Amino acid sequence: MPYLQPTDYPNYGLPPGTTADWITAATALINSYCRRPDLNVIQYTERLRITAGVQTVRLSYLPLSALAPATTPLVGIEARYAKPRRGELPNLPMLEIAFAFSLPGQWSTIDPTQVDFDPNTGELTLPWNLLGLPYNEVQVNYTAGLASIGDDVKSACAQIVRNAQATPALNASMSKIDTMQMKYFSSSLIDETVQAWLNPYVANRLG
């Protein structure tokens, strides 16, 4: 869905006659820069390794947002543990006994209500395994995005259109703006101001 509607054009400095293809191309460029399919609330799935000695992971897409009628952005969580590498196992006899009578590698379902999370940073804190073993891999199904497109994204979309229309190679007479052509000029269309508006929504750890 385009991030600007015709009724928004006057409020963000675009002439009323701006055609929809400019907005569609600018929206696609924003999604590409943010390395995500959409800034609206949609569902994602991530499988993450957990650093030895901690029970936290950080999700890539922010902010975490519940998709109605759900009340939590965490849709489903599964985790598993494997025997630690040499030097990672704490010197605790009870852990050695637990490993001896457990089956490492099996996925266990975690109740999302038992997981503490920060919607703005995407950090999850997992509970401990029933056997007292730390998890070392987790798969999270969650929803993230903007419940409503804010002024920062709308301003970025409008600025990209203005930058494109000011670029001679894009300002030629044509019936439709090609998204790939906009992508080719992305380094000049997404200027520092646009980057500042969009940086909070760029996916973490994905390049």
**Prompt:** Which value, in debye to the nearest 20, gives the size of the charge dipole of region 34-78 about its Cα centre, when Lys and Arg are +1 and Asp and Glu are -1 at the Cβ?
**Reply:** 180
**Message:** To make sure I understand, if each residue's beta carbon is the centre and we count other beta carbons within 10 Å, what order do 38, 8 fall in, fewest to most?
**Reply:** 38, 8
**Item:** Footprinting exposure proxy for 193, 72 (fewest neighbouring C-beta atoms within 10 Å first)
**Value:** 193, 72
**Asked** Quick one: Karplus J couplings for region 134-145, per residue in order, coefficients 6.51, -1.76, 1.60, θ = phi - 60°, nearest Hz, x for Gly and Pro?
**Response** x, 6, 10, 8, 9, 10, 10, 9, 8, 10, 8, x
**Request:** Compute the Rg to Rh ratio over region 1-59 from the alpha carbon atoms, using the Kirkwood formula for Rh, and round to two decimal places.
**Result:** 1.24
**Fill in**
Sequence order, region 46-58: Karplus ³J(HN,Hα) from phi using 6.51 cos²θ - 1.76 cosθ + 1.60, θ = phi - 60°, Hz rounded, Gly and Pro as x, gives 9, 10, 10, 7, 9, 5, 4, x, 10, 10, 10, 9, 10
**Request:** Please report how far the C-alpha centroid of region 178-201 lies from that of region 24-39, rounded to the nearest whole angstrom.
**Result:** 9
**Request:** Calculate one ³J(HN,Hα) per residue across region 108-121 by plugging θ = phi - 60° into the Karplus curve 6.51 cos²θ - 1.76 cosθ + 1.60, and present them in order as whole Hz with x for glycine and proline.
**Result:** 10, 7, 10, 5, x, 6, 8, 9, 7, 8, 10, x, 8, 9
**Message:** 7 Å from Cα along Cα→Cβ at both residue 58 and residue 42: what's the point-to-point distance in nm?
**Reply:** 2.4
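Bear in mind that the values in this text are calculations on the coordinates, not laboratory data. In this text, all values refer to a predicted model and were calculated from it rather than measured experimentally. Ideal geometry is used to build each Cβ from the backbone, glycine not excepted, and the neighbour counts take in all protein chains shown.
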